[in-house]
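Below: one structure, written as structure tokens.
The values are calculated or read from the model by the stated rules, or taken from the named source; none is laboratory data. Remember, predicted model here, so these are calculated numbers, not experimental data. Neighbour counts run over all protein chains shown; Cβ positions are idealised from the backbone, glycine included.
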């Protein structure tokens with residue numbers, strides 16, 4: 001994908017059949033579904049792909065074990081089957097992840113075991129692993145670094161983990177393969193209207209080239225997640241999203257040197273706590289805090305960080321302190337508003353709505369279910385005569401770069417078949433590491449700029465390469481050299497390059513803990 005080529009494609013078209021607003025998980029899944037059905041498809045994202053919630057998840061492809069207790073079996077069934085399709089369609093981006101729940105007593109052990117066997121049953125014949133009971137000795141063998149008094153009987157079950165931002169790029173490149181046009185840094189500022197005042201397209205602004213566009217479209221879909229209300233308000237509609245935020249901490253693997261993850265099923269805030277291996281680090285999360293205002297860079301509250309540390313330290317042998325946190329990032333959940341319910345009681349189900357002026361909106365959901373959300377949204381558009389009928393192709397559609405035989409231990413496996421070209425680049429001067437403590441190379445920076453539409457240092461180091469989310473201080477340390485490389489690639493002047501670098505360095509400090 002090349003942004004200038006996408007922009008040229010946009011300028012050649014008089015109108016589009018499907019125009020998607022939002023380049024997160026749902027929007028990208030919609031672009032792929034729409035383009036693969038054969039609709040002329042355009043996606044516009046105000047910032048970078050997955051800049052918001054979709055790069056800040058807990059990195060899980062899962063059914064949601066917590067929803068079993070709520071009795072929301074249909075949501076769990078749907079999510080588990082969608083998890084299985086992602087494993088089939090993009091296996092190099094998905095990892096089978098074992099989770100261990102340590103239970104305090106005999107009855108609790110049987111309670112969780114039976115629940116998780118039902119979880120397996122709901123997953124169907126494509127289930128990625130069977131749940132099993134573990135003795136105290138078996139748990140101690142599988143999980144190192146835990147306080148022995150906290151380890152009793154337990155259950156091991158299986159879900160998936162993944163890199164959310166890389167999955168987003170995979171969806172984008174696959175949609176592009178099917179001739180969708182995708183543009184980041186293209187902000188929708190208003191709607192175009194026909195003589196009946198119904199929505200007939202959008203007014204958009206290219207924030208890179210500083211150019212305004214009027215774009216006609218037959219079907220306009222609002223897929224902006226937690227920012228959905230800002231789009232629906234342009235159409236005169238009321239808010240429908242209750243946002244909550246979840247904080248995640250990243251620490252060194254020496255605190256939890258395991259391949260299996262730990263799930264703490266009952267915490268003081270009513271959510272589960274995950275301790276998950278991720279990129280040779282450990283991810284701890286998450287909280288659930290109601291917020292009033294949404295932001296692309298939400299900030300963790302002191303009490304949220306303290307809660308995760310205190311809860312984790314009840315189980316970890318080596319005590320964690322704030323000084324041990326390598327990165328802290330915050331994701332926002334686009335929960336569907338319901339009266340008299342707190343955020344923990346709101347599910348991750350989704351809702352599709354059509355306004356009187358023909359704005360189609362899809363809200364709620366989560367990464368695991370983005371494909372079915374897209375399918376149902378387009379089927380809804382067909383049912384309401386916004387589009388001509390075309391059959392969904394996405395359930396068994398292999399992502400761009402599909403390779404079922406790729407070595408799962410290979411460092412560049414997240415690029416699929418493109419990893420072959422990247423390995424060639426790494427044999428040149430581009431094989432130099434961007435930071436001595438991490439394996440990321442300038443070949444990956446180059447690839448992000450040339451083929452993945454990264455436009456600045458944040459796009460590269462936060463989402464194409466996940467260094468900001470892995471080690472914010474290391475990200476700050478390599479910002480000078482990476483910024484200079486990007487400036488040379490785009491031929492940016494020194495003033496622009498310095499401005500972008502300083503803004504990024506300031507951002508890295510937000511991901512670091514400073515007392």
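Worth a mention:
- Residue 57 falls short of the stated requirement of being outside any loop (DSSP other than H, G, I, E, B) and either surrounded by fewer than 20 Cβ atoms within 10 Å (Cβ to Cβ) or at pLDDT below 95 (or both).
- Some residue of the range 65-84 being touching a strand residue (DSSP E or B) at 6+ places or on another chain (Cβ under 7 Å), within 29 Å of residue 459 (Cβ to Cβ) and buried (at least 18 other Cβ atoms within 10 Å of the Cβ): yes
- Put simply, of 220, 226 the only residue that is assigned to a strand (DSSP E or B), in the same structural domain as residue 371 (by TED's automatic domain parsing) and either closer than 29 Å to residue 369 by Cβ or touching a residue at least 24 places away in the same chain (Cβ under 8 Å) (or both) is 220.
Every residue, every condition in (1) crowded, with 24+ Cβ neighbours inside 10 Å; (2) modelled with pLDDT of 95 or more; (3) closer than 24 Å to residue 3 by Cα, yes or no:
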site	(1), (2), (3)
439	no, yes, no
450	no, yes, yes
455	no, yes, yes
462	yes, yes, yes
480	no, yes, no
485	no, yes, yes
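- Within the range 413-452, being in contact (Cβ under 8 Å) with a residue 12 or more places away in the chain, closer than 22 Å to residue 471 by Cα and not in a helix (DSSP H, G or I) holds for 434, 435, 437, 438, 439, 440, 441.
- Checked against (1) in contact with a helix residue (DSSP H, G or I) (Cβ under 6 Å, 6 or more places away or on another chain); (2) farther than 28 Å from residue 490 by Cα, residue 31 meets all criteria but (2).
- Number of the exception - residue 177 against (1) within 27 Å of residue 79 (Cα to Cα); (2) at pLDDT 90 or above; (3) buried (at least 19 other Cβ atoms within 10 Å of the Cβ); (4) not assigned by TED's automatic domain parsing to the domain that holds residue 119: (3)
- Screening residue 270 against (1) over 26 Å from residue 154 (Cβ atoms); (2) modelled with pLDDT under 85 leaves a single unmet condition, (1).
- Filter result for residue 495 (surrounded by fewer than 18 Cβ atoms within 10 Å (Cβ to Cβ), part of a loop (DSSP other than H, G, I, E, B) and over 22 Å from the mean Cα position of the chain (by Cα)): no
- The set of residues in the range 266-283 being free of Cβ contacts under 8 Å to residues at least 12 places away in the same chain and on the phi > 0 side of the Ramachandran plot is empty.
- In this structure, residue 427 qualifies as at pLDDT 95 or above, more than 23 Å from the chain's Cα centre (by Cα) and closer than 30 Å to residue 477 by Cβ.
- Every condition in (1) under 24 Å from the mean Cα position of the chain (by Cα); (2) closer than 21 Å to residue 373 by Cβ is met by residue 6 except one, and the failing one is (2).
- Residues considered: 214, 218, 253. Of these, the only one that is under 26 Å from residue 353 (Cα atoms), surrounded by fewer than 18 Cβ atoms within 10 Å (Cβ to Cβ) and modelled with pLDDT of 95 or more is 214.
- Going through (1) outside any strand (DSSP E or B); (2) over 27 Å from residue 109 (Cα atoms) one by one, residue 251 falls short only on (1).
- Filter result for residue 469 (in contact with a strand residue (DSSP E or B) (Cβ under 7 Å, 6 or more places away or on another chain), closer than 25 Å to residue 501 by Cβ and not in a loop (DSSP other than H, G, I, E, B)): yes
- Per the conditions (1) touching a residue at least 60 places away in the same chain (Cβ under 8 Å); (2) outside the structural domain of residue 35 (by TED's automatic domain parsing); (3) touching a helix residue (DSSP H, G or I) at 6+ places or on another chain (Cβ under 8 Å), the sole criterion not satisfied by residue 184 is (2).
- Only residues that are part of a strand (DSSP E or B) and either under 18 Å from residue 463 (Cβ atoms) or touching a helix residue (DSSP H, G or I) at 6+ places or on another chain (Cβ under 7 Å) (or both) were counted in the range 1-27, giving 3.
- For the range 474-488, the set of residues classified as assigned to a helix (DSSP H, G or I) and within 13 Å of residue 436 (Cβ to Cβ) consists of 474, 477, 481, listed by residue number.
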